[in-house]
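Shown next, in structure tokens, is the structure this report addresses.
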Amino acid sequence: MNFVVKGLAGKRLHGTIPVFGSKNACLKAFAAAILTSDPVVIKNAPLIEDVFRMRELLTSLGAEVVNNGRVFRVVAKNIKARALEDGIAKSLRASIVLAGPMLARFGEVEFSYPGGCVIGKRPIDLFLDGFKKLGASVISDKQGNRFKVKAKRLRGANICFRLMSVGGTETLMMAATLALGRTILHNAAQEPEIVALADFLNQCGARINGAGTNTIIIDGVKSLHGGIFETPPDRLEAGSFAIMGALLGDKLKITNCDPAHILSVIEYLESMGANIKKGETWLEVTRAKKLQSVNLKTHEYPGFPTDLQAPFAVLLTQASGTSMLFETVFDGRLTYLSDLNRMGADIVPCDAHRAVFHGPRSLRGREVDAPDLRAGLAFIFASLVAKGESIIHNAYNIDRGYEKIEDRLSAIGVNIKRV
Ligand code: UD1
């Protein structure tokens, strides 16, 4: 499936766009459900492809998963399998977080190298080292493609992450909830999704302190009971829509969000001249008459999120002057820039992490391929700025993270069709 998007030709986006539940928070709640045989209820889940893949993965392990709209009920009582189903795990990077709960509850897990990421083969060394520090044995095949991790019962440990990892922090935090004794995670990631997960686990009987700071202390307990996870609003969606407002908004109102989770994004947009009003659960964004250039550097939370780097790059093509973009979290996350150049942008790549933008430049509609969900959304934004029509292939990648994006964009004045 593709999206066909018409340029706005000088029009502005106006109206209200709602934010749905956080993909990255919700996926981890599904994984956490493996830690208990009791029912876990996940509310406000986004109905996106990555959530559907996670449901398939849990079902293939033997869990019961039913949903009524956005409310999912997971019962991981009769888990017979010990191996994560290859086909699904290979298409979903987040599948690796399941390894922690599986190991903690059943003492054993087997999985293949996770895929599902255009950034390439992303490392999992922090997960494997963490499992070993918790007392597990890790056996891999010769090629390092398949792993068997075992431990009768995990033991609490002092673990310092060499670099901050969201998935690594979440996985080891979940595993440690059922370990014998105390685990301390140093240099832990601090994303709001980690706080949401820790709060949920504590509600289920875990003893976790310090989530949201860089030191998390987990005192292991014998077992966890069920609970209710209320998925928080997706800060990456909110940030994406705020960028769209700074690009093309005329009092574009973004609702159901938590502006406190995207302070660095708001700061960058305001420094470029965007006009932003904010309440507790909403933002209203209007484009500046003239967007100023800025140097962007992505950073772990609470810095500017790497996931919003591609949507923000479209904004840089429209800013007056020279901007520098510096991606510090991932390698290989700038390959989509060549397509922005094909649309008329003036971007000079410096190396795998940096690029210089000269702007503003007029863009032209083109046929492009959505390489991942964030760059896919960036291409929709670029198509709105561009003259004429664009075709964005591989809508699936956008559907992985943004629910019914075409309906929400149509409601604020975008001409977008799924074909
Ligand atoms: C999560 C988010 C993703 C976001 C990213 C960074 C989910 C489902 N995805 O991904 O949207 O872009 O956080 O905010 O929540 N690394 C290693 N070894 C490891 C693990 C990671 O070197 O074992 C490196 C990665 O290559 C990367 C950095 O650590 O350079 C951060 O990655 P990480 O925070 O782990 O990303 P994810 O949890 O996969």
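For each of 169, 306, 281, count neighbouring Cβ atoms within 10 Å of the residue's Cβ, then give the residues from fewest to most. Intermediate results must be reported in sequence, preceding the final value.
Details: 169 28, 306 18, 281 14.
Ordered from fewest to most neighbouring Cβ atoms within 10 Å, 169, 306, 281 come out as 281, 306, 169.
For the chain, what is the mean residue ellipticity at 222 nm derived from helices alone (per DSSP H run of n ≥ 4: -39500 (n - 2.57); sum divided by total residues; nearest 500 deg cm²/dmol)?
Numbers: 14 runs with 131 residues, N = 419.
The helix contribution divided over the chain gives -9000 deg cm²/dmol.
Please give the length that would be gained between residue 364 and residue 158 if that part of the chain were fully extended, namely 0.36 nm times their separation in residues minus their C-alpha to C-alpha distance (nm, one decimal). Spell out each step's value before the answer.
Values: separation 206, 0.36 × 206 = 74.16 nm, distance 5.38 nm.
Between residue 364 and residue 158, full extension yields 68.8 nm more.
Is any residue of the range 388-404 close enough, with backbone N under 17 Å, to a label point placed 7 angstrom from the Cα of residue 415 along the Cα-Cβ axis, and if so, which?
What the label zone holds, given the 17 Å backbone N cut-off, is 388-392.
Once you've got the GNM for the chain with C-alpha springs shorter than 10 Å, pick whichever of 201, 180, 315 has the biggest mean-square fluctuation.
180
Between residue 324 and residue 391, 0.36 nm times their residue separation minus their Cα-Cα distance comes to what? Let's see the in-between values first.
On the way: separation 67, 0.36 × 67 = 24.12 nm, distance 2.79 nm.
The span from residue 324 to residue 391 would gain 21.3 nm if fully extended.
How would the range 101-242 be classified by its alpha-carbon gyration tensor: rounded, prolate or oblate, with rounded meaning a/c under 1.5 and the a/b versus b/c comparison settling the rest?
Details: a/c = 1.66, a/b = 1.10, b/c = 1.51.
Oblate is the answer for the range 101-242, as a/c is 1.5 or above yet b/c matches or exceeds a/b.
Whose amide H sits under 5 Å from the amide H of residue 363, counting only residues 5 or more places off or on another chain, with H placed in the peptide plane?
387
Looking at the square roots a ≥ b ≥ c of the eigenvalues of the Cα gyration tensor of the range 121-179, which shape do they give, rounded for a/c under 1.5, prolate if a/b is larger than b/c, or oblate? Don't skip to the end; give the middle numbers.
Values: a/c = 2.09, a/b = 1.16, b/c = 1.81.
Oblate, because a/c is 1.5 or more while a/b does not exceed b/c.
Nearest 0.05, what FRET efficiency do residue 228 and residue 90 give at R0 = 51 Å with Cβ-Cβ as r?
Working: r = 31 Å, r/R0 = 0.61.
Once the sixth-power term is evaluated, E becomes 0.95.
Report, ordered by chain and residue number, the lysines lying within cross-link reach of residue 404, taken as a straight Cα distance under 28 Å and ignoring same-chain residues fewer than 8 apart.
Filter leaves 6, 11, 23, 28, 43, 90, 251, 253, 277, 278, 387, 417.
Quick one: what does P(r) look like for the range 336-404 with 5 Å bins over all Cα pairs, in whole %?
All Cα pairs considered, the percentages come to 4, 18, 26, 23, 18, 10, 2, 0.
Once Rh is set to the Kirkwood radius over Cα pairs, what Stokes-Einstein translational diffusion coefficient, in µm²/s, holds for the chain at a temperature of 25 °C and a viscosity of 0.890 mPa s? Can you show the working numbers first?
Working: Rh = 21.9 Å.
Roughly 112 µm²/s, to the nearest whole number.
Antiparallel as a % of all DSSP beta bridges within the chain, to the nearest 5?
Values: 52 of 75 bridges.
In the chain, approximately 70 percent of DSSP beta bridges are antiparallel ones.
Which loop trypsin sites (Lys or Arg not before Pro) in the range 120-150, with loop taken from DSSP, have no more than 14 other Cβ atoms within 10 angstrom of their Cβ? Write out the running numbers ahead of the final one.
On the way: sites: 121, 132, 133, 142, 146, 148, 150; in loops: 121, 142.
Those satisfying the criteria are 121, 142.
Is the shape of the range 234-370 rounded, prolate or oblate, going by the alpha carbon gyration tensor and its root eigenvalues a ≥ b ≥ c, with a/c under 1.5 for rounded and a/b larger than b/c for prolate? Let's see the in-between values first.
Details: a/c = 1.76, a/b = 1.37, b/c = 1.28.
It comes out prolate by the Cα gyration axes.
HN-Hα J couplings of the range 158-166 from phi, Karplus 6.51/-1.76/1.60, θ = phi - 60°, integer Hz, Gly and Pro as x?
8, 10, 10, 6, 5, 9, 5, 10, 5
Counting alpha carbon pairs within less than 8 Å and at least 6 residues apart, what relative contact order, in whole percent, applies to the range 66-148?
Values: 80 pairs, mean separation 21.2, N = 83.
Relative CO of the range 66-148 lands at 26 percent.
Bear in mind that the values in this text are calculations on the coordinates, not laboratory data. Model, not experiment: these values are computed from the prediction. Please note: Cβ atoms are built from the backbone with ideal geometry, for glycine as well, and neighbour counts cover all protein chains shown.
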